[in-house]
Amino acid sequence: MAGSSHGHTPAAWTGVTIAFIGFCVSGAFTVAAKPVGFWAGIVIIALGGVVGGVMAMMGMGQGKKAPLKVAGQANKG
């Protein structure tokens, strides 16, 4: 995966970091048996996805690449 730059963008790092914090919050409140805190953690997880998506739309994500051509493969179409 390191050769494909999978996830090596500010949008990906930010979204995953926020979601990780949400998982930690949810887990802590699950153990403490506090449903409101659990659901707050779930909201934080969703917020991580939204923030990552918005940042990607702002150009901080990985750009689209053309598909790779494999040598020796017949040209279709």
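The values are calculated or read from the model by the stated rules, or taken from the named source; none is laboratory data. Please read these numbers as outputs of a predicted model, since none were measured by experiment. We place every Cβ from the backbone using ideal geometry, glycine too, and count neighbours over all the protein chains shown. These accessible areas exclude ligands, DNA and RNA; they are computed on the full protein's heavy atoms, side chains included. Shrake-Rupley method; radii C 1.70, N 1.55, O 1.52, S 1.80 Å.
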Whichever residue in segment 23-43 is part of a helix (DSSP H, G or I) and open to solvent by 70 Å² or more (accessible area, probe 1.4 Å) and, among such residues, is nearest to Met58 (Cα to Cα):
Val43
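Across segment 1-22, which residue is modelled with the highest pLDDT among those that are surrounded by fewer than 13 Cβ atoms within 10 Å (Cβ to Cβ), of a type outside the set (A, V, I, L, M, F, W, C) and not in a helix (DSSP H, G or I)? I'd like the intermediate steps shown before the answer.
Our first condition is that a residue be surrounded by fewer than 13 Cβ atoms within 10 Å (Cβ to Cβ); within segment 1-22, this holds for 1-6, 8.
From what's left, of a type outside the set (A, V, I, L, M, F, W, C): 3-6, 8.
In the following step, the residues that additionally are not in a helix (DSSP H, G or I) were identified as 5-6, 8.
On the way: Ser5: 62, His6: 67, His8: 81.
Ranking the candidates gives His8 first.
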